[in-house]
Amino acid sequence: MTARSPRGATTRPRREGSLRRMELIAAIALAGPLGFFVRARPLLAYLVLWAVIFPVQTVVVHSENAADINATYFVVNALILAGGIALNRLGARLRRRRIAQA
């Protein structure tokens, strides 16, 4: 008879990069809603969020593999930031349009 693990426990090894993707998903997924729901300075709210997420992500990436921090890392993050800013501006524009129609 084999011993069973407690319910909800897992013995799978954590996949590399899973935390890294999590920060990127948060940075992109929250950009539009912040633009839509934050009335005063939605872009500033997004940049503050990015200022929190980016260092955490960098620490996680560095701890997994220090060689991953190179010029490409910063270029890709700049592109992700630009996409997030675009989504944030789109959310703010949709909010203004919705208010104008009401």
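The values are calculated or read from the model by the stated rules, or taken from the named source; none is laboratory data. Bear in mind that the values here come from a model prediction, so they are computed numbers and not experimental data. Here the Cβ is made from the backbone with ideal geometry for all residues, glycine too, and neighbour counts use every protein chain on show.
General observations
- Of all residues making up the range 67-102, the number that are surrounded by 14 or more Cβ atoms within 10 Å (Cβ to Cβ), more than 14 Å from the chain's Cα centre (by Cα) and within 18 Å of L30 (Cα to Cα): 5
- The lone exception for P55 - which of (1) surrounded by 15 or more Cβ atoms within 10 Å (Cβ to Cβ); (2) more than 15 Å from R93 (Cβ to Cβ) it fails: (1)
- Selection within the range 61-79 - more than 29 Å from G91 (Cα to Cα) and part of a helix (DSSP H, G or I): V61, H62, S63, E64, A66, A67, D68, A71
- Figure legend. Inter-residue proximity from the range 87-102: first residues at negative phi and part of a helix (DSSP H, G or I), second residues surrounded by fewer than 16 Cβ atoms within 10 Å (Cβ to Cβ) and charged (D, E, K, R), beta-carbon distance below 9 Å, spacing 6+ or different chains. Indicated pairs: R95/R39.
- Which numbered condition R39 fails, given (1) basic (K, R); (2) modelled with pLDDT of 90 or more; (3) surrounded by 14 or more Cβ atoms within 10 Å (Cβ to Cβ): (3)
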